[in-house]
Amino acid sequence: MDCERVGDEGLQADKMDALYGEADAAARARVEAHLAGCDACREEMAALRGVRRDLREWALPAARPSFTPRGVVVPRWLAAAAVLLFLFGATLGVTGYVSLRRALVAQEARAAEAERRHREEVQALQASLARGPAAPLDAATVLAGLDARIDERLRASEARQVARLDTRIAGWEERADAQRRVDMARVAASLSYLDGRHGQQLARTNELMGYVLEASAQKR
Amino acid sequence: MGRSDEELVEACQAGEASAFDVLVARWEDKIRGAAYRFLGSEEEAKDVAQEAFLKAYRALGGFKREARFSSWLYQIATNLCRDRLRRRRTRAAVSLEELEETGPVIVETRPGAHEQLQQLDLARLVRRAVYALPEEQREVVILKEYQGLTFLEIAQALDVPVSTAKTRLYRGLGQLRLRLEREGLGGESAVPAPAR
């Protein structure tokens, strides 16, 4: 059954005030009095409360973050490649470290050996100093020794000079011989060339002479 | 307790520009929310909110404080939304489906998958029903139901008498009731007759 005040805007306004809790006491009393005797309006108010509940379902969209880590999807092949690359890098790193370590150890060993030798030399020098100065030398003996060594050096030097000279002379001879052979070959080549040219010229002259003789024979 | 809107407006008018930042921070989300419900587009809603604050800032010197600052701000935003809707209509009739496809609605609660789907369906139905209302009824429904403005504030924002705002809301709710009941919604419960 419809409400007899269905088009009453005053009642509508009162209902809205009541529905949203803005009704003053007078408006509230008016609405309650009407609803008490009007099934249609009572039902309508209940329905409008239901509509209000339904309207609350339309929520605002949440603010969208510009970047969500959970949203990043890494392809499997890329993940596998990353793992392999990491393992390769790690292997290189370990290998490099081991090589470097070995090189350092070897370097340390060499340094220790050098130090040991130096210590031995120093100890030997200290020992020789501790033994005191050597016995004084005889001058004539020293000079004789020197003369002998000088003579020996001179002889060795002369022998080296002679050997060097012989080698050089042999080289010159060899080179002169080679040059001579080259020159002879060139001369031969030139003569052949001249012979060739001369031969061609002779052939051409003969040919021309043939033409001349043929022409004169025809004139006759 | 911070300063009231009116105190901040006074401070702005006295030359304290930073007071306007407080007003923006206080009202930006609400204005953007209203614009989103008017237009159905997040991007446009952001633009409208920015434009509304810009307009308000420029016109703040002439603000007479006859209405509340928030009502005035809603008025500016509502007019901007109306302009945009009008431009849309001139370009092409905005179909209901277009408004439907303006991005996913992410509900703020986190129910289970079935409930979430159901909630999305409900939200879609409700949104569709609201968009199907005539513009003047839709504005009142949005400002009242989602923005929580009083009838006086709605009247100021829409520049209409308070009684008109109430009538438009009454009619709008009636339309929604019919449409939602057709969709199988409308949580009508039996109301016992009051004791006489």
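Annotations for the structure displayed:
- For beta carbons closer than 8 Å, sequence separation of 6+ or different chains, a first residue in segment A:10-21 that is within 8 Å of another protein chain (Cβ to nearest Cβ) and crowded, with 19+ Cβ neighbours inside 10 Å and a second that is assigned to a helix (DSSP H, G or I) and of a type in the set (Asp, Glu), the qualifying pairs are A:LYS15/A:GLU44.
- Hey, A:LEU165 in a helix (DSSP H, G or I), surrounded by 10 or more Cβ atoms within 10 Å (Cβ to Cβ) and at pLDDT below 85 or not: no
- Selection within segment B:26-56 - of a type in the set (Gly, Ala, Ser), within 18 Å of A:LEU60 (Cα to Cα) and in a helix (DSSP H, G or I): B:GLY33, B:ALA34, B:ALA35, B:ALA45, B:ALA49
- The set of residues in segment B:1-23 that are surrounded by fewer than 17 Cβ atoms within 10 Å (Cβ to Cβ) and either of a type in the set (Lys, Arg) or in contact with a Phe, Trp or Tyr (Cβ under 8 Å, 6 or more places away or on another chain) (or both) comprises B:ARG3, B:GLU6, B:GLN13.
- Against the criterion of being modelled with pLDDT of 65 or more, exposed (fewer than 11 other Cβ atoms within 10 Å of the Cβ) and more than 10 Å from chain A (Cβ to nearest Cβ), B:ARG82 does not qualify.
- Counting the residues of segment B:130-151 that are hydrophobic (A, V, I, L, M, F, W, C) and either facing another protein chain (nearest Cβ under 9 Å) or not in a helix (DSSP H, G or I) (or both) gives 6.
The values are calculated or read from the model by the stated rules, or taken from the named source; none is laboratory data. This one's a predicted model, so the numbers in the text were calculated from it and none came from an experiment. For neighbour counting, all protein chains shown are included, and Cβ atoms are generated from backbone atoms with ideal geometry for every residue, glycine included.
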